[in-house]
Structures are given as C-alpha cells and as structure tokens.
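To start, the structure under review is shown below, and the notes come after it.
The values are calculated or read from the model by the stated rules, or taken from the named source; none is laboratory data. Here the structure is a predicted model, which is why all the values come from computation and not from measurement. Here the Cβ is made from the backbone with ideal geometry for all residues, glycine too, and neighbour counts use every protein chain on show.
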Amino acid sequence: MGLVLSTGAVVVTATAEEPPASLLADGRDEATLARHAEERAALVRTEQLRSEAVEVASGAIEQASAVRAEAEQVAVAPEVIAELDAATAELQAAIASVDVAPLTPTDPLADRDGTVSRSAQRDGGAEPEGAAQDDGGTPTASPTADGASPTASADPTAVPADPAAEAATDAPADPAAADATLTGQAPATTTVPDSGDPATEPLREALERVARASDAAKASAEQKRAEAAAAQAAADEAARVAAEQAARRAAWKASLQGYANGQVPESALCGVSFAESVRLRCDAAESLDALDAAFAARFGKHLQVSDSYRSYSQQVACRANKGSLCARPGTSNHGMGVAVDLGGAVQSFGTAEHVWMRENAPAHDWTLPEWARAGGSKPEPWHWEYVG
C-alpha cells in the first residue's frame, strides 16, 4: 500500500501485516485508536443521556407549575405549596448544573492526561493531528488499495458512521414523545434512569422530590375539590329543603283562609308529637314541635299545653265560664288554630321556664303578646301566639 503525503512527497510502502503509516503517524496503535473510538461513543451517549434528563426535568417543572396553579386556586394548605416551590427551585438548579457540568479527568470518558480525546474535539471543529494537507492547506485523501480516492479525508480517529445510530439521534424513538414535542406538551416520562453519571445524580434526586411534592399537592387539591363539592351539594340540598318548607308553610298559612273563626274542620288541622290533644294550623303545629324540642333539651321535660284550637262552641263556653278572660266568641286566635295556653312553670311570670320562653320562643315564631305580658292590659303569662 502506498501513501503519498503532500508535504515532502514521501512514499512509504507497508506490508499487509503492518498498519498503515498514517495510523501510526501520531504514535498511536490500533488499541489506542479503538479506545478513543469507544471513548467518543461513550461521550456521545453520556451527552445524549444528559440532554434527555434535562428534557424530562424541564417537562416535570411545567407539570409542577400547572399543579401549583390548580392547588392555589382551590386553596391548598400553604405548606404544601411551599414544598412544591422548594422542590421546583431545587430541580431548576440541578438542570443548570447539568448544563454546565464538564467531564473531569477522573471520568472514564477522558484521556489519561485529563483532556477529551481528539475524536471528540473534532466535533467542535478541531483538526486531528497528523492529517495530510496539500499545498493549499486542504486535507488530501489517501488513495485506496485499488487506486480509487475516498470521498472524505482518512482521519485515523474517525468512528465509522452508523446509520441506525444517526437515525436514532435525529428522531425520537418513541412516537408519543415526538407528538408531545410537536404539540408543546411535557413528555409523559417523569423519571430519569440511573446512568452512573455523577452530574445527573442531583437532578434525579430533585426530580423525585418534585414528583412527591406534586403528588401531595394534587392529592390535597382533589380533597379540596371533593370537600367543596360535598359542601355545595349540602348547601343545594339545604336550599331545596328550605324552599320546600317555605312553600309548604305558605300553603298551610293559606289553608284556613276559607274558614270562619271557630269553624275549622278537624281534617284541616295538625297535631304535635309531644301532646296528643293539641290541634293547630299545620305550620303553627310544626313550629311548636320544634320549640318543644328545644325546651325539652334545656329543662328535660315537654311543654304542657292546656288549650289549643277552640271551636266556636268552645269559645262560647269559655266566655260563659271565665268572662273577660276569654275573647268574644268568633274573635279568638284560638279559633284559627294559632294560639295555645301553656301550663306548668311557664304559666307564671319570673320562672326560669317563662324567662327561657320569652328569650327563645320568638326564634320559632311564637310570642307572648304585649297585652298578655306583665304590665300589659290583660296579663296572661300562659297565652302564646304563633306569628309565622
């Protein structure tokens, strides 16, 4: 094999058993060239893994930002959001450190003297040592064994092109990842495999922290949404019940308008749960039941009702027996089922039960009329009227 060098036009003949002189021009044997080729391939792979790690981390930051916005919107606990912020800041710092991390002399991908192999430097534009040049400074290709000239310079350190590897580098292996890149969405992957590269270790740890913080924020946000939905459902149900009750009470209030005082039929009246003989307009009966429940909770006993609805004939009898203590027949509130006379301690001014009734009965639309109060025109501490 003959090799022509433009500088000096020296012709060197080598036997088939010897490597070409150009491969030995810089003092490297085949083993050295092979090691440099392996180092370059490993360096390219490490740079690719670092790039992929940064891409995954950047996607995780975008996802964490979206999670944070949602968590803040539903008022997640501040400490949960603070942890997500701290984790995201740590991941951003880790990304920055990976971007500038060099290969140190102790790295197996570096030459023994601490510099990156020339084959790797060539990617940055450096020319390999020992390359033959013509008089104009252009590298001259060495003829092949059959006399043909190669299409590129014979760099002894060059790694043969691998079409499959180039295709893998130019296009994402995962179509879903390619689609995500095209649409601007973050990759679905949120983890970085352990490649043994010390530069990506802080990034991997920070990414795991972001994942934990994001999961915690999402869980808290889901809980907040569930609580808000439950509260809204409860409020809607309460509003529905209140509307139904208001409509029912309005109907009850109007239910006796077609009857004369004292002429209301039994079927148009309602009873209460704590006293079998009581008959009142239905809304008044419902409110008296609620008032009695509160009274019983305070005193441990029910209200005593001595009189409720009075028919016209009963009003006549009351007037005949008690005189002015009973209203003129046909004018009594008892005749419309909206008044009661209470016994027990409530029928006396100044008792604890009577004072409690004065303070709490109005909340249930029951009141002691002004004329029936102490100092009124006709004091009757037992007479209570429904005003709902």
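Brief remarks follow.
- The range 243-267 - residue that is farther than 18 Å from ASN333 by Cα and not basic (Lys, Arg) and, of those, surrounded by the fewest Cβ atoms within 10 Å (Cβ to Cβ): SER267
- Residues in the range 268-308 that are under 21 Å from SER332 (Cβ atoms) and not hydrophobic (A, V, I, L, M, F, W, C): GLY271, SER277, ARG279, ARG281, ASP283, SER287, GLN304, SER306, ASP307, SER308.
- The range 354-388, subset of a type in the set (Gly, Ala, Ser) and in contact with a strand residue (DSSP E or B) (Cβ under 9 Å, 6 or more places away or on another chain), residue surrounded by the fewest Cβ atoms within 10 Å (Cβ to Cβ): GLY388
- Just one of the listed residues (SER348, SER324, SER311) is in the same structural domain as PHE274 (by TED's automatic domain parsing), surrounded by fewer than 17 Cβ atoms within 10 Å (Cβ to Cβ), among the hydroxyl-bearing types (Ser, Thr, Tyr) and modelled with pLDDT of 95 or more, namely SER348.
- Contact map, the range 63-83: residues that are charged (D, E, K, R) paired with residues that are assigned to a helix (DSSP H, G or I), Cβ distance under 6 Å, separation 6+ or inter-chain. Pairs shown: ARG68/LEU84; GLU70/ALA221; GLU83/ALA213.
- The set of residues in the range 52-94 being among the charged types (D, E, K, R) and either outside any helix (DSSP H, G or I) or within 12 Å of ARG209 (Cβ to Cβ) (or both) consists of GLU83, ASP85, GLU90.
- Taken together, SER313, SER308, SER332 contain a single residue that is farther than 17 Å from TRP382 by Cβ and in contact (Cβ under 8 Å) with a residue 24 or more places away in the chain, which is SER313.
- Residues of the range 335-362 that turn out to be in contact (Cβ under 8 Å) with a residue 60 or more places away in the chain and within 54 Å of the chain's Cα centre (by Cα), as a count: 4
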